[in-house]
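J.: Right, I'll just put the structure down here and ask away after.
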Amino acid sequence: MGRLQKLPPYLFAALDAAKRRARESGASVIDLGIGDPDRPTPAELIRVMTEAIADPACHRYPAQRGDADLKRAIAGWLRRRHGVEVDPSTQVLVLIGSKEGLAHLPVTCVQEGDNTLVPDIGYPVYAQATILAGGTPRTFRLRAANGFLPDLDEVAALMDDRTRLLFLNYPNNPTGATADQGFWRRAADLCARRGVTLVNDAAYLEMSLDGLPQPCLLGTADPARERVIELHSLSKMFNMTGWRVAFAVGHPELVEALGRVKDTMDSGVFTAIQRTAAYALGPDFDRLLAGVAEPYAARREKLVPRLAAAGYEVFPSRATFYVWCRIPGNEEAAAFCQRALSEIGVVVTPGTGFGSGGEGWFRLSLTASEVDLEEGARRLAGWT
Ligand SMILES: Cc1ncc(COP(=O)(O)O)c(C=O)c1O
């Protein structure tokens with residue numbers, strides 16, 4: 001079977017089609033399904049971008065692996081925000097969104113017959129990129145009883161001499177689970193013992209509900225010595241999902257390998273966007289971030305008690321803009337979500353969209369307006 005044929009079907013396709021049909025029929029649909037910020041990019045960043053876009057120096061091919069200024073800004077941000085020291089010239093690589101970096105990582109190291117370890121529940125790109133590179137994803141479960149962290153003994157049992165990458169994602173989509181430094185140390189030690197590269201997808205790292213930095217892999221493991229790489233993104237950090245800018249930071253050999261793959265695949269991020277990203281990660285970072293992250297905390301504080309009062313069990317979370325809820329009774333996630341759409345016009349995401357481990361759960365996103373969240377909560381509360 002060809003690699004393309006091995007890709008699993010897109011699990012949200014049926015729900016997307018049902019959502020479209022419901023809208024076309026004139027139904028009032030509240031969409032709490034997608035994790036895409038409803039609010040605009042901060043005005044200050046738009047101003048920086050507007051100036052940059054008028055500069056002809058930005059109109060040429062960009063610095064392919066990232067502008068030196070942006071890479072220095074990334075290193076400075078990591079030092080101030082997370083206490084991490086890295087060499088911007090060898091340990092930082094600018095990406096066209098973290099999805100791009102995640103999708104290309106297996107190309108750097110996975111050969112036919114190799115495997116990677118991916119979480120079930122998890123963002124589908126880890127497994128699909130492994131398949132496209134010719135490898136086999138092996139899944140490990142994330143369970144509620146363990147705070148949706150993996151059991152590292154179970155992960156160890158899946159490792160063999162063909163295991164190349166362990167993908168983790170904390171703060172986690174879809175559960176909102178977070179990892180502490182002790183966990184990162186144990187995961188990095190396991191990978192070091194077994195010669196496996198540890199990857200953390202940190203796309204939601206700054207979506208912290210108390211405004212305090214969450215522990216990240218790089219804050220625990222030493223990326224100068226250990227084979228670790230972490231992918232950060234400005235997408236959710238600054239309501240910039242459409243801009244496509246992110247970065248990888250890690251061991252110099254891993255960063256170099258990913259850079260080499262990308263040299264063939266793309267020509268870097270638009271220079272005007274790189275300049276804006278350097279500004280965003282500079283001295284004004286804390287102030288800019290506060291304006292972005294605070295509304296989610298307020299939305300969660302309003303929504304979660306209402307869901308809880310209506311009998312929904314909500315996984316307690318301190319990060320991301322997702323709310324992870326248990327489905328009442330024994331109904332399957334896909335059926336529950338289809339019914340929510342057809343009976344009360346509310347779109348929520350079935351947990352099984354992230355793997356079979358998500359059975360029995362659904363995900364709500366706080367990236368909808370206060371009015372829509374209020375109405376969504378009202379409809380869900382009077383129903384099941
Ligand atoms: C867990 C996770 N990782 C990575 C991404 C990709 O983010 P981006 O490519 O916009 O940086 C997403 C997007 O939704 C995500 O949910």
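J.: With each pseudo-label sitting 7 Å past Cα toward Cβ, what's the Ala17-Asp180 distance in nm, one decimal?
T.: Spacing of the two 7 Å Cα→Cβ label points: 4.7 nm.
J.: At 1.4 Å probe size, with every protein chain present, just tell me what the per residue accessible area of region 2-78 comes to in Å².
T.: Heavy-atom accessible area per residue stands at 61 Å².
J.: Another one. With a 10 Å radius around each residue's Cβ, average the other Cβ atoms per peptide and rank 281-288, 93-100, highest first.
T.: Listed from highest to lowest mean packing, they are 93-100, 281-288.
J.: Can you tell me how region 233-285 classifies by the Cα gyration tensor, rounded, prolate or oblate, using a/c under 1.5 as the rounded cut?
T.: Prolate shape, in that a/c is at least 1.5 and a/b is the bigger ratio.
J.: Let me ask another. For Glu24 and Ser356, what is the calculated FRET efficiency with R₀ set at 30 Å and r taken between the beta-carbons, to the nearest 0.05?
T.: Result of the calculation: an efficiency of 0.45.
J.: Next question. When the Debye formula is applied to the Cα atoms of region 196-342, each taken as the same point scatterer, what base-10 log of I(q)/I(0) results at q = 0.13, 0.15 Å⁻¹?
T.: Taking Cα atoms of region 196-342 as identical point scatterers yields -0.79, -0.96.
J.: For region 43-285, with only Lys/Arg (+1) and Asp/Glu (-1) charged at the beta-carbon, what is the dipole magnitude about the Cα centre, in debye rounded to 20?
T.: The calculated dipole for region 43-285 is roughly 100 debye.
J.: So what is the accessible area of region 258-371 per residue, in Å², with the probe set to 1.4 Å?
T.: 39 Å²
J.: Now, a different point. What helices does the chain have that are whole DSSP H segments, at least 27 Å long along their own axis by Cα, and with mean Kyte-Doolittle hydropathy of -0.5 or more?
T.: 285-309
J.: Quick check: pseudo-label points 7 Å beyond the Cα along Cα→Cβ at Ala157 and Arg47, how many nm apart are they?
T.: Label-label distance for Ala157 and Arg47, simple model: 5.8 nm.
J.: Would you please classify the overall shape of the chain from the alpha carbon gyration tensor, given that a ≥ b ≥ c denote the square roots of the eigenvalues, rounded means a/c under 1.5, and beyond that prolate means a/b larger than b/c while oblate covers the rest?
T.: Taking the square roots of the gyration eigenvalues as a ≥ b ≥ c, the chain is oblate.
J.: Have a look at Gly33, Ser208, Leu190 and report the one farthest towards the positive end of the charge dipole of the chain, computed about the Cα centre with Cβ charges (Lys/Arg +1, Asp/Glu -1).
T.: The one lying farthest along the dipole's positive direction is Gly33.
J.: Going down the list Lys99/Lys262; Lys19/Lys302; Lys19/Lys236, which pairs span over 18 Å between their C-alpha atoms?
T.: As for pairs spanning more than 18 Å Cα to Cα, those are Lys19/Lys302; Lys19/Lys236.
J.: Where does region 58-213 land on the Kirkwood hydrodynamic radius, alpha-carbon pairs, in angstrom?
T.: Radius from the Kirkwood sum: 16.9 Å.
J.: I need the calculated FRET efficiency for the pair Arg225 and Arg318, taking r as the beta carbon distance and R₀ as 45 Å, to the nearest 0.05.
T.: The pair Arg225/Arg318 has a calculated efficiency of 0.90.
J.: Here is a follow-up. What distance in nm separates the two pseudo spin-label positions at Asp36 and Gln111, each 7 Å out from Cα along the beta-carbon direction?
T.: 4.0 nm
J.: Loop only per DSSP, at most 16 neighbouring Cβ atoms within 10 Å: give me the GluC sites (Glu not before Pro) in region 343-384, ordered by residue number.
T.: Of the GluC sites (Glu not before Pro), the ones in loops of region 343-384 whose Cβ has at most 16 other Cβ atoms within 10 Å are Glu359.
J.: Taking each pair of different alpha-carbon atoms in region 282-384 once, compute 1/r for the pair, average those values, and report the inverse of that mean as the Kirkwood hydrodynamic radius in Å to one decimal.
T.: 14.4 Å
J.: Sticking with this structure for a sec: Of all accessible surface on the chain at a 1.4 Å probe, what whole percent is carbon and sulfur?
T.: Of the solvent-accessible surface of the chain, carbon and sulfur hold 53 percent.
The values are calculated or read from the model by the stated rules, or taken from the named source; none is laboratory data. Just so it is clear, the model here is predicted, and its values are computed rather than measured. Note that each Cβ is placed from the backbone with ideal geometry, even for glycine, and that neighbours are counted across all protein chains shown. Ligands, DNA and RNA are excluded from the accessible area calculation, which covers all protein heavy atoms including side chains. Shrake-Rupley method; radii C 1.70, N 1.55, O 1.52, S 1.80 Å.
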